[in-house]
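The values are calculated or read from the model by the stated rules, or taken from the named source; none is laboratory data. As the structure is a prediction and not an experimental result, all values here were calculated from the model. Note that each Cβ is placed from the backbone with ideal geometry, even for glycine, and that neighbours are counted across all protein chains shown. Areas reflect the complete protein model, heavy atoms only, side chains present, ligands, DNA and RNA absent. Shrake-Rupley method; radii C 1.70, N 1.55, O 1.52, S 1.80 Å.
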Amino acid sequence: MPHESGSDTPEPAGHVPAGDGPHTRRRPRRKALRVTAWAALGVLVIGGSGAACLWAHLDGNLQGVDIDAALGKDRPSGAHNGAMNILLLGSDSRAGTHGEYGSGVSGARSDTTMVLHVDKSHHKASVVSIPRDTMVDRPQCPTSQGGTAPAARQAMFNESYQVGGPGCTVKTVEKMSGVRMDHYLEVDFTGFKKIIDELGGVDVTTQKAVKDANSKLDLTAGTHHLKGEQALSLVRTRHGVGDGSDLARIQLQQAFIKALTQRIDSIGLFSNPAELYGLADTATRTVRADSGLASTGKLLGLAKDLKGIGPENMNMVTMPVTYDPQNPDRVLPLDKASQQVWKALRADRPIPKSAGKNSVGDQGNSPVTAGS
């Protein structure tokens, strides 16, 4: 808020400034407005009846999906020690983009899928990326229209979302991992851009130039401050790095997640009510969640709970895979190594480094790192 010139010294009791009379309304001082605004936002963060209207507004933005009702009881048992598993989905829906990210693409698939495992202390996390091109045995799934999608052998992983929405993706992940998903969060292309812009952008460093005509990304070597559009181009890039596959893109996505956590920490989000409210408003309008998280209070509670997990306490891996001998554009899980990963999550233990030793998803150092 710009500073208003002039003194803030209180006027004597009964004093009426020139130009003010019984029919003249005094303009409120900017300082008073500033204090009032911060007080109102402080109430929002702390809670209380005074914030009821604001809470109701944000809650009205959210789209919730009842995963538990859709999947029933045929699921892995949940953790009972305070650990938590959240399925993070980035859908490739082009809805509302007017062909900006490719024409002839209908519906949506899970373009990005990550299992976020938060340990029982909530001070450390493991993130397992599941390549979208992985061939899996998809279970029978309920559809959003109330029908049933039949089970399929050797189906592409990201088709689970296409045939049965987030519920089918959750069920597919649980079947292959034996790990129960406590929650799920989803954002599409447009929502991702809005959230990054609301945060003011994110800093990343490229070890060499990265250029991809398909995603419209063109970065020189060095540090870059990416706003929403460029950030989306980065996490969509696959032809400008590594072997041009989805495995190379996953490295960029993991680096960006670390950069994002750095950004949130650097702006002191939870000590800045105005920033927090702006982000909450944007997030609730762009994010889909399971019904257990589909309220502003629960989302903010989760965010506060995770705010102490920085990049240094976050282990990011790709589910161990190998190229499909029948189709080099597809990958197959390395069963023994993958089970090492999932077993570690089920036991709330660190993922052993040996699990990714023979995986084609382990492509060495990422060409992009968080921050400067």
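If you scale each eigenvalue of the Cα gyration tensor by 5 and take the root, what three semi-axes come out for the stretch 240-368, rounded to whole angstrom and sorted largest first?
33, 17, 15
Contact order normalised by length for the stretch 197-315, with contacts defined as Cα pairs under 8 Å and 6 or more residues apart; what percent is it?
Answer for the stretch 197-315 is 21 percent.
How much length is gained if the chain between GLN207 and SER77 is pulled fully straight, taking 0.36 nm per residue apart and subtracting their Cα-Cα distance, in nm to one decimal?
42.5 nm
Strictly greater than 24 Å: what percent of every Cα pair in the stretch 196-307 meets that? It would help to have the intermediate numbers written out before the result.
On the way: 2083 of 6216 pairs.
Tail fraction, whole percent: 34.
Find how much the distance from GLN145 to THR322 grows on full extension, using 0.36 nm per residue of separation minus their present alpha carbon separation; answer in nm with one decimal.
Gain on extension, GLN145 to THR322, equals 60.2 nm.
Which FRET efficiency value, to the nearest 0.05, is calculated for ARG285 and LYS336 with the Förster distance at 30 angstrom and r the Cβ-Cβ distance?
On the way: r = 43 Å, r/R0 = 1.45.
So the FRET efficiency works out to roughly 0.10.
Return, ordered by residue number, the residues of the stretch 179-194 whose backbone nitrogen is under 17 Å from a label point located 7 Å along Cα→Cβ of HIS239.
Those under the cut-off are none; the list is empty.
For the ranges 268-275, 138-145, what's the packing order if you count other beta-carbon atoms within 10 Å of each residue, average per peptide, and put the highest first?
Highest mean packing first, the order is 138-145, 268-275.
Sort out for me the Cα centre separation of the stretch 123-172 from the stretch 339-358, rounded to whole Å.
That distance is 21 Å.
At 0.36 nm per residue, and after removing the present C-alpha to C-alpha distance, how many nm does the segment from ASN272 to SER354 gain when stretched out fully?
My answer for the length gained is 25.3 nm.
Would you mind checking which residues have amide H under 5 Å from VAL321's amide H? H placed 1.01 Å from N; only 5 or more apart, or other chain.
Placed amide hydrogens put LEU334, VAL360, GLY361 under 5 Å from VAL321.
With just the Cα atoms of the stretch 319-363, tell me how far they stretch along each of the three principal axes, in Å, largest first.
Cα spread of the stretch 319-363 along its principal axes, largest to smallest: 35, 18, 12 Å.
Ignoring ligands, DNA and RNA, what percent of the 1.4 Å accessible area of the stretch 197-246 is carbon and sulfur?
46
In this model, which of LYS194/LYS298; LYS175/LYS343; LYS208/LYS357; LYS175/LYS336; LYS124/LYS171 are farther than 18 Å apart at the alpha-carbon? Write out the running numbers ahead of the final one.
Numbers: LYS194/LYS298 21 Å; LYS175/LYS343 13 Å; LYS208/LYS357 25 Å; LYS175/LYS336 16 Å; LYS124/LYS171 25 Å.
Check vs 18 Å cut-off fails for LYS194/LYS298; LYS208/LYS357; LYS124/LYS171.
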